[in-house]
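Here's the structure we're looking at; comments come further down.
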Amino acid sequence: MPLQNRVDPFGRILAVPERGLLMGNRGGRLHDPATRTLLGRTFASRRWICCTLAERGRPRRVMGAGYTELFFLDEVVALAAGHRPCFACRGDAARAFAHAFGGASAMSAPTAEAIDHRLHAERRSAERPDPARRRHAAGALPDGAIYAAEGTAFALRGSRRLKFGFGGWSDAGPRPDGPLALLTPLSTLAALAHGYRPLWHPSADV
């Protein structure tokens, strides 16, 4: 049976066979090492990151004594779920994200802590979303933005929209018109609009 450590664009932690391109965590351990099952909480601190799959080439027992390893289809999904690139293992991506994040928010060279503080506030606000604040016109959204429709997550890329699946993206037709219910946090959305280019799963190249 797969472990419950796969994250979807809604931020939910589910048990599915597919692993994806990236690993990450939410600031600590969320599971019982003896049973390798979640304890009921969804995060341990504000530090929600997305990392490379390999930890400096060392073997690792997933959901062991350390932090809870979480897995994402790609970075677009991780960003929508409220994570940001890890400075330790994805330094180039993390610095590019911080640069775009700072430029979009008028924060000069934001630290990881400053980014985490802002994103955590937006994640908490998303638990009780204001529909007017969370809905944006499709034409104004950057590539990599993810929105929800009828319980399904879709990403925007070029002139198309892509439907999320744990095994990959599938073409779902042209980019829609009208306001969309966003899943991607607003500050992350601004970073995407300001030039940050996330890692996509190869299935997005439809």
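The values are calculated or read from the model by the stated rules, or taken from the named source; none is laboratory data. Source: prediction; values computed, not measured. All Cβ positions, even for glycine, are placed from backbone atoms using ideal geometry, and neighbour counts span all protein chains on display.
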Among the listed residues Asp205, Asp143, Asp171, identify the single one that is farther than 19 Å from Arg118 by Cβ, touching a residue at least 40 places away in the same chain (Cβ under 8 Å) and of a type in the set (D, E, K, R). Asp143
So which residues in segment 78-136 are surrounded by fewer than 17 Cβ atoms within 10 Å (Cβ to Cβ), at pLDDT 80 or above and closer than 19 Å to Pro9 by Cβ, if there are any at all? Glu122
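Taking the stated definitions as given, is Leu141 at pLDDT 95 or above and out of contact with any Asp or Glu (no Cβ under 9 Å at 6 or more places or on another chain)?
No: the conditions fail for Leu141.
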By residue number, the members of segment 141-159 that are within 15 Å of Phe10 (Cα to Cα) and either in a strand (DSSP E or B) or polar (S, T, N, Q) (or both) are Ile146, Tyr147, Ala148, Ala149, Thr152, Ala153, Phe154, Ala155
Residues in segment 169-206 that are crowded, with 16+ Cβ neighbours inside 10 Å, under 28 Å from Arg124 (Cα atoms) and small (Gly, Ala, Ser) total 4
Looking for something over 30 Å from Val16 (Cα atoms), aliphatic (A, V, I, L, M) and part of a helix (DSSP H, G or I) - is there at least one such residue anywhere in segment 99-110? yes
Residue check for Glu75: among the acidic types (Asp, Glu) and under 16 Å from the mean Cα position of the chain (by Cα): yes
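Before we move on, is Val62 among the hydrophobic types (A, V, I, L, M, F, W, C) and within 20 Å of Pro2 (Cα to Cα)? Before the answer, list the steps.
On the way: among the hydrophobic types (A, V, I, L, M, F, W, C): yes; within 20 Å of Pro2 (Cα to Cα): yes.
Spelling it out, Val62 is indeed among the hydrophobic types (A, V, I, L, M, F, W, C) and within 20 Å of Pro2 (Cα to Cα).
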For the condition closer than 26 Å to Leu14 by Cα and either in a helix (DSSP H, G or I) or hydroxyl-bearing (Ser, Thr, Tyr) (or both), what is the one hit in Leu189, Leu162? Leu189
Starting from segment 182-197, keep only residues that are over 11 Å from Phe97 (Cα atoms), then list their pairs with residues that are of a type in the set (Val, Ile, Thr) and outside any loop (DSSP other than H, G, I, E, B) whose Cβ atoms are within a distance under 6 Å, requiring at least 6 positions of separation or different chains. Leu183/Ile146; Thr184/Ile146
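Residues are listed down the side, and each one gets a yes or a no for (1) within 18 Å of the chain's Cα centre (by Cα); (2) among the small types (Gly, Ala, Ser):
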| residue | (1), (2) |
| --- | --- |
| Ser108 | no, yes |
| His136 | no, no |
| Lys163 | yes, no |
| Gly167 | yes, yes |
| Thr184 | yes, no |
